[in-house]
1. Rank by packing, highest mean first: peptides 205-217, 272-284, with packing defined as the count of other Cβ atoms within 10 Å averaged across residues.
2. Shape verdict for region 104-251, please, from the Cα gyration tensor: rounded (a/c under 1.5), prolate (a/b greater than b/c) or oblate.
3. How high is the relative contact order of region 214-384, in percent, counting Cα pairs under 8 Å that sit 6 or more residues apart?
4. With N set to the residue count of the chain, report its C-alpha Rg divided by 2.2 N^0.38 Å to two decimal places.
5. When DSSP beta bridges are limited to those with both residues in the chain, what percentage is antiparallel, rounded to the nearest 5?
6. Helix 139-154 against the longest principal axis of the chain: what's the angle in degrees, Cα atoms only, rounded to the nearest 10?
7. Just want to confirm a number: the relative contact order over the chain, from Cα pairs under 8 angstrom separated by 6+ residues, in percent.
8. From the Cα gyration tensor of region 214-384, with a ≥ b ≥ c the square roots of its eigenvalues, which class applies: rounded if a/c is under 1.5, or else prolate if a/b is larger than b/c, or else oblate?
Amino acid sequence: MPSLDSTSAPHGTGGTDAMARAFRARFGGDPEGVWQAPGRVNLIGEHTDYNDGFVLPLALPHATRVAAARRTDGRLRVHSAQAAQPAEVDLAGLVPGSVEGWAVYPAAVVWALREAGHEVGGADLYVDSDVPVGAGLSSSAALECAVGLAYSDLHGLGLELPQLALLAQRAENGFAGVPCGVMDQMASACCAAGAALFLDTRDLSARQVPLDLAAAGLLLLVVDTQVKHELADGAYAERRAGCERAARLLGLSALRELEPSGLEAALARLPEPGLRPLTRHVVTENARVRQVVSLLDAGDPRGIGPLLTEGHASLRDDFAVSCAETDLVVAVANRAGALGARMTGGGFGGSVVVLAELGDADRIAEAVADAFAAEGWKPPRTFTAVPSEGARRLG
Ligand code: GLA
């Protein structure tokens, strides 16, 4: 049962001409331009970003494209190739909670721009995306960054890419109501082709870490389990609140400040036992990110495999955000010869990243597909993650 889709960029969405044609068919006029921002997969550094910690994501070839033109009547009209119904938002009454469905993300970006003091008006937007939705691969960050960059260019705002990421995070936190960290938006905005982004979320200092896995005879598989468990949103907010409480109780401004050498003593000082595993995950995960970066810098990509699997165990046992489907992918992939594997993104479903020798990828994908079939689960979707470019104008 071959399930490995190894296509790389450009993905299913149309080129600029096709985007312009589709825009004209919906709105009757020409777009002023076409912008694109990718989804991401995180190599390691999970649930560290809202603890001021380290992350190492890469951009996927899967991306969201937006053809846009300004309007002068204060209305935001959005059509998507993936949505049956278009949406129209009156920007005069734009407050959190006033927009439902996927249009919440473009509306959130306009809201965040206005909050930041930019006097931006309405627009017509045509959106096309091949970033899997609900797969933990940051489809919402891709949409926010593509719309944000379009607005920045159309209104001459000159937003730098990290500013764009912060704006998109503000949109998501303040308008869409998702208390996420900054990793997804920074990855979508700032990643470079052929590299992973080593990001310090405390000050947004970042370095592109070359990731030419093919040259080393390796590849990175993404296995999208195609499940998203209901508790995902509430549990994310709970984990975040737990980490912030642990930091406060330890007299720190964020758990990032705790080094592995001080971990045991800190755990012993924490009065609430329930906060100990959360704290241990964040501290050990930050250390794993730094170790992975050192190994990649030293030209030893195979060496990172065990750290990926350790990271998964920590997310499963200490942070408690994995689930039966992601645990099974990790176990089966490793048994089938993977060098390492871990869930990626927020958890409770979503995707797993698997590091494998090139020649083993099909066998691993097949073993995972067979294991899902044996459980009676819907087949997972597996593809190769080629580190791709961040947000940009296409035409
Ligand atoms: C989601 C959030 C990110 C990050 C990850 C977990 O993707 O949007 O900010 O917290 O979960 O690492």
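1. 272-284, 205-217
2. rounded
3. Reported relative contact order: 34 percent.
4. Its radius of gyration relative to the 2.2 N^0.38 Å reference: 0.97.
5. 85
6. Value to nearest ten degrees: 40.
7. 25
8. Oblate, because a/c is 1.5 or more while a/b does not exceed b/c.
None of the figures in this text is laboratory data; all of them are computed from the coordinates on show. None of the values given here were measured: they were computed from a predicted structure. Don't worry about glycine lacking a Cβ; one is built from the backbone with ideal geometry, like all the others, and counts go over all protein chains shown.
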